[in-house]
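The values are calculated or read from the model by the stated rules, or taken from the named source; none is laboratory data. Nothing here was measured: the structure is a model prediction, and the numbers come from that model. Reconstructed Cβ throughout: ideal geometry from the backbone, glycine too, with neighbour counts over all protein chains shown. Surface accessibility is based on the protein's heavy atoms, side chains included, excluding ligands, DNA and RNA. Shrake-Rupley method; radii C 1.70, N 1.55, O 1.52, S 1.80 Å.
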Amino acid sequence: MPFELPPLPYQYDALEPVFDAESLRLHHEHYHAGYIIVLNHLLEGRPRLNSMTLETILLDIRVAPESIRQDVRCFAGGHLNHCLFWQAMGPQAGGEPAGDLRQAIIETFGDIDSFRSQFASQAMGRFGSGWVWLGLNRYQKLEVVTTPNEDSPIMLGIRPVLGLDLWEHAYYLKHRYRRAEHVRCWWNVVNWAKVGEFYSLNLELLDRRPR
Ligand code: MN3
């Protein structure tokens, strides 16, 4: 079954003024949709790859034949990264994490502000295009990591629960070159309830996996 562009769980103007409607539409209808078109083309007529989840492929990218390996890495990663990105945002969101996720963030980073500043400084430190992530490592501990291009944190053994797109296409219309402003404003649309669900879900997955 070819992949399809999942609709956003909100309207294109729902994240104004953090993301203007035009940026969000282009990002979803042009960039994300484009990744899926190429991904489907790459996987066409390859039943072995098609029988695997994208996570499985990215965990060991060598399962993809060398001739398409680099492209699969980019476009499978791009599709997964954006799926998580859209879902972890929402209108009337922002605020602070709650529940188990809040506890884990405080345990790992000291407090919520220290987490935010570590996330922001890693975002600023990622040269060129890429992503910054909050994710769970195989010891079920939270980590902030960045990835270049469309690499998935899964390739680093990190299961993502929250990610921010650092490509200029994510913020250039609104913030121009000001990545720090993009990161700072973005906290206002983070859907912490959803991120909390991803956290619990991934903890469970890691629980079931033999170590
Ligand atoms: Mn993007």
Within the range 55-72, is even one residue open to solvent by 40 Å² or more (accessible area, probe 1.4 Å) and outside any helix (DSSP H, G or I)?
yes
Candidates Glu29, Glu4 - the one that is more than 16 Å from the ligand (Cβ to nearest atom), modelled with pLDDT of 95 or more and not small (Gly, Ala, Ser)
Glu4
Please determine, by comparing only the residues of the range 83-98 that are among the aliphatic types (A, V, I, L, M) and not in a loop (DSSP other than H, G, I, E, B), which one is most open to solvent (accessible area, probe 1.4 Å).
Leu84
What are the pairs with Cβ atoms under 8 angstrom where one residue, in the range 4-24, is over 19 Å from Tyr35 (Cα atoms) and the other, located anywhere, is of a type in the set (Val, Ile, Thr) and open to solvent by less than 40 Å² (accessible area, probe 1.4 Å)? Sequence gap at least six, or different chains.
Leu15/Val189; Val18/Val189; Phe19/Val189
Among the residues listed as Arg126, Arg116, Arg138, the single one being open to solvent by 30 Å² or more (accessible area, probe 1.4 Å) and without any contact (Cβ under 8 Å) to a residue 60 or more places away in the chain
Arg126
Which one of Leu164, Leu203 is within 16 Å of the ligand (Cβ to nearest atom) and either among the aromatic types (Phe, Trp, Tyr) or touching a residue at least 60 places away in the same chain (Cβ under 8 Å) (or both)?
Leu164
Every residue from the range 158-187 that is closer than 30 Å to Leu206 by Cβ and either open to solvent by 50 Å² or more (accessible area, probe 1.4 Å) or not assigned by TED's automatic domain parsing to the domain that holds Val132 (or both):
Trp167
Hits in the range 1-42 (condition: in a loop (DSSP other than H, G, I, E, B), open to solvent by 40 Å² or more (accessible area, probe 1.4 Å) and either under 28 Å from Glu181 (Cα atoms) or not hydrophobic (A, V, I, L, M, F, W, C) (or both))
Pro2, Glu4, Pro6, Pro7, Pro9, Gln11, Tyr12, Asp13, Glu16, Pro17
Take the conditions within 14 Å of the ligand (Cβ to nearest atom), surrounded by 18 or more Cβ atoms within 10 Å (Cβ to Cβ) and assigned to a helix (DSSP H, G or I) and apply them to Leu80. Does it pass?
yes
Among the listed residues Gln92, Gln103, identify the single one that is more than 16 Å from the ligand (Cβ to nearest atom) and modelled with pLDDT under 95.
Gln92
